[in-house]
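Working notes for the structure below.
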Amino acid sequence: MVMLVVMAGVAKGERMPKYLFQGSYTLDGVKGLLEVGGGHRAEAVDKLIESVGGKVEAFYYAFGDDDFVWIADLPDEVAATAVSLKVSAGGTATLRTTRLLEPELIDKAMNVGVDYTPATAS
């Protein structure tokens, strides 16, 4: 058994970055869900996220392209990557991970001087 250990990369008093996880179960994943139930899987996600120093903010099942959606606070990109790798390696779900940006981060980014020339048609 391989265990991924991640050290928190957030200074005391700072907010942890938020990540959106969206995914779909494979056939085996759906069979497993039907066997153990939705609450059991939600508890497994809590344990997964807490194991890398994070906290689940929201967990939902969904209709449509995604079977489940989570929002979690994680210490850093290393922790988010570890979660994504572990879930993907399990083979029972596909997972997309998106770093969510706070409005304050966008405000800071707006004030960064960027030298960019857009591509234009001649």
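How large is the dipole of the chain about the Cα centre if only Lys and Arg carry +1 and Asp and Glu carry -1, each at its Cβ, rounded to the nearest 20 debye?
200 debye
Can you list the lysines whose alpha carbon is less than 26 Å from that of K47, not counting same-chain residues fewer than 8 positions off?
Those lysines meeting the cut-off are K12, K18, K31, K55, K86.
Along its three principal axes, how long is segment 48-122 when you only count alpha carbons? Whole Å, largest extent first please.
On the principal axes, segment 48-122 reaches 49, 31, 23 Å in Cα extent.
Would you mind telling me which residue in A80, A89, A42 has the biggest mean-square fluctuation in a Gaussian network model of the chain, where springs connect alpha carbons within a distance under 10 angstrom?
A89
First measure r as the distance between the Cβ atoms of L101 and L34, then evaluate 1/(1 + (r/R0)^6) with R0 = 41 Å and state the FRET efficiency to the nearest 0.05.
In this case the efficiency is close to 0.70.
What distance in nm lies between label points placed 7 Å from Cα along the C-beta direction at E43 and S88?
Going from the E43 label point to the S88 one covers 2.9 nm.
Please compute the modelled spin-label separation between T81 and K55, points set 7 Å along Cα→Cβ, answer in nm with one decimal.
It is 2.6 nm.
Please name which of F21, A109, G32 has its Cα lying farthest along the dipole of the chain towards the positive end, using unit charges on Cβ (Lys, Arg +1; Asp, Glu -1) and the Cα centre as origin.
G32
Rank-order 66-78, 107-119, 17-29 by packing density, defined as the average count of other C-beta atoms within 10 Å over each peptide's residues, highest first.
66-78, 17-29, 107-119
Roughly speaking, to the nearest percent, how much of the chain's 1.4 Å accessible area is carbon and sulfur?
59 percent
Taking 0.36 nm per intervening residue step and subtracting the Cα-Cα distance, what contour gain separates A109 from S24 on full extension?
The span from A109 to S24 would gain 27.3 nm if fully extended.
What's the angle, to the nearest 10 degrees (0 to 90), between helix 27-36's Cα axis and the longest principal axis of the chain?
Long axis of 27-36 versus the principal axis of the chain: about 60 degrees.
The values are calculated or read from the model by the stated rules, or taken from the named source; none is laboratory data. As the structure is a computational prediction, the values presented were derived from the model and not from experiment. Note that each Cβ is placed from the backbone with ideal geometry, even for glycine, and that neighbours are counted across all protein chains shown. Note: areas computed on protein heavy atoms with side chains; ligands, DNA, RNA excluded. Shrake-Rupley method; radii C 1.70, N 1.55, O 1.52, S 1.80 Å.
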